[in-house]
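Take a look at the structure set out below.
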Amino acid sequence: MRFYTPSILENPYPSYQHWRAEHPIWQDEDTGDWIISRHDDVRSILKDSTQFSSNAMGGGSVALPLLADDPPRHTQLRGIVNKAFTSRMLRSIEDNVVQIADSLVDRLAVGSEVDMVTGLTTPLPVAVISQMMAIPDERAADFKRWSDALTGTLAGVSLADRQLEIAEMAGYFNSLIPVRRAQPGPDLISSVVNAKLSGAGLTDSEIVGFCMLLLIAGNETTTNLLGNFLNIMVARPAMQQRLVEEPGLIEAAIEETLRYDGPVQFLRRKLLKPATFHGQEVQEGEVAHVIMGSANRDESCYPDADQFVLDRAKNHHHTFGFGIHFCIGAPLARLEAKIALRALFQRFKKFERGQSENERVPSHLLRGFHHLYLLLAE
């Protein structure tokens, strides 16, 4: 069997269901990686960093600190930016997020087709993370282009062109290091540039990698979450109406979207010692794909797992991970999504699918939209 196929890219959930039932662990014949899909197996791997290393998330063209680090270094690195994502800090930026969201929603056209990705789901998180990193607004388009290049979600772009974009991004962040070192501010980049680990600062390459990670974490998740939410709701007009009438349910709808069609589908983990799953031994050094998107649809844990249930009880999905690597930007993504959707449902009473062809993000890892066309009605 093969993991990286067009059918899984378009709609992975029937395959996930088959794997859970018939092949809870199997080896991808192209990469040699093990595919693990049941809820309890996924959860047990994600919570055990002593046996399953996050180092498997590295190995790309750029080293991204934190994402591919294990304790104790992971703990130290996470401490550098933890304060930026506390409830107190998020409350301090909430009014600003509201202003950005309201401004974007006000610009959306009524009665004509709107690409919600370019109109709302991309510019909102890019603007917010840019401000948190103290990056000028005019760099917003660069930020999104660089982020897509780094995650490999630029459709039709060669690896060589992606490398050029990544090099441009690295050069930009490198240029900010001496500035933020000489004149530090309350922004995320200054926190990273001036951080100390065991008395020593990060190297310039580590700082650049950290900035790249913050950029991705600060916009890709929210963009894809919002796009998936709108794609789900456009097929459910009665549910749209309920959210218009009961905006207090928006947060529950966000959580169900994260479970039902999450923006991140899997993580990779390298085994530090052998383990056995369903009679299959996996050796030290081998890599497992831990499929959160499948765990979130496991019928043994979620009644009516393939149904979108707005008021689902105990929605303990794994889209943001589990354990020490729980996504540090999860509270920000939830805040941005809540504010954006409240603004949308306050202004528009319903939305329908447009005539133009939507475009999915070309990634097995990230699930979302590059283009999503809707007709909005007040």
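The values are calculated or read from the model by the stated rules, or taken from the named source; none is laboratory data. Just so it is clear, the structure is predicted and the values come from calculations on it, not from any experiment. Cβ atoms come from the backbone with ideal geometry, glycine included; neighbour counts cover every protein chain shown. All accessible areas refer to the heavy atoms of the entire protein, side chains included, with ligands and DNA or RNA removed. Shrake-Rupley method; radii C 1.70, N 1.55, O 1.52, S 1.80 Å.
Of note:
- Members of the stretch 112-124 found to be open to solvent by less than 40 Å² (accessible area, probe 1.4 Å) and either farther than 13 Å from LEU374 by Cα or not in a helix (DSSP H, G or I) (or both), listed by number: VAL114, ASP115, THR122, PRO123, LEU124
- Counted residues, the stretch 77-111 - those being open to solvent by 40 Å² or more (accessible area, probe 1.4 Å), in a helix (DSSP H, G or I), touching a residue at least 40 places away in the same chain (Cβ under 8 Å) and not acidic (Asp, Glu): 5
- Total residues in the stretch 310-334 satisfying the condition of being over 16 Å from LEU67 (Cβ atoms), outside any helix (DSSP H, G or I) and in contact with a Leu (Cβ under 9 Å, 6 or more places away or on another chain): the figure is 5.
- Within the stretch 125-169, being open to solvent by 30 Å² or more (accessible area, probe 1.4 Å) and of a type in the set (Ser, Thr, Tyr) holds for THR151, SER158.
- Condition check for ALA235 on (1) buried (at least 22 other Cβ atoms within 10 Å of the Cβ); (2) not in a helix (DSSP H, G or I): one failure, at (1).
- Failed condition for SER294, given (1) touching a Lys or Arg at 6+ places or on another chain (Cβ under 9 Å); (2) modelled with pLDDT of 95 or more; (3) over 27 Å from LEU67 (Cα atoms): (3)
- Residue check, LEU376 within 21 Å of the chain's Cα centre (by Cα) and not charged (D, E, K, R): no
- Any hit, the stretch 335-343, residues being in a loop (DSSP other than H, G, I, E, B) and of a type in the set (D, E, K, R): no
- Residue in the stretch 7-29 that is nearest to PRO362 (Cα to Cα), counting only those that are among the hydrophobic types (A, V, I, L, M, F, W, C), open to solvent by 20 Å² or more (accessible area, probe 1.4 Å) and in contact (Cβ under 8 Å) with a residue 40 or more places away in the chain: LEU9
- On the stretch given as the stretch 274-285, residues that are farther than 25 Å from PRO14 by Cα and part of a loop (DSSP other than H, G, I, E, B) total 4.
- Qualifying positions in the stretch 170-210 - in a loop (DSSP other than H, G, I, E, B) and open to solvent by 20 Å² or more (accessible area, probe 1.4 Å): GLN183, PRO184, GLY185, PRO186, ASN194, SER198, GLY199, THR203
- Boolean, ILE36 is within 30 Å of ILE129 (Cα to Cα), surrounded by 13 or more Cβ atoms within 10 Å (Cβ to Cβ), under 21 Å from the mean Cα position of the chain (by Cα) and modelled with pLDDT of 90 or more: no
- Selection over the stretch 286-308 of residues that are part of a loop (DSSP other than H, G, I, E, B) and crowded, with 16+ Cβ neighbours inside 10 Å gives a count of 8.
- Taken together, LEU341, LEU376 contain a single residue that is in contact with a helix residue (DSSP H, G or I) (Cβ under 7 Å, 6 or more places away or on another chain), open to solvent by less than 10 Å² (accessible area, probe 1.4 Å) and under 21 Å from ILE100 (Cβ atoms), which is LEU341.
- Test for ARG353: is it closer than 25 Å to VAL128 by Cα, open to solvent by 50 Å² or more (accessible area, probe 1.4 Å), at pLDDT 95 or above and not small (Gly, Ala, Ser): no
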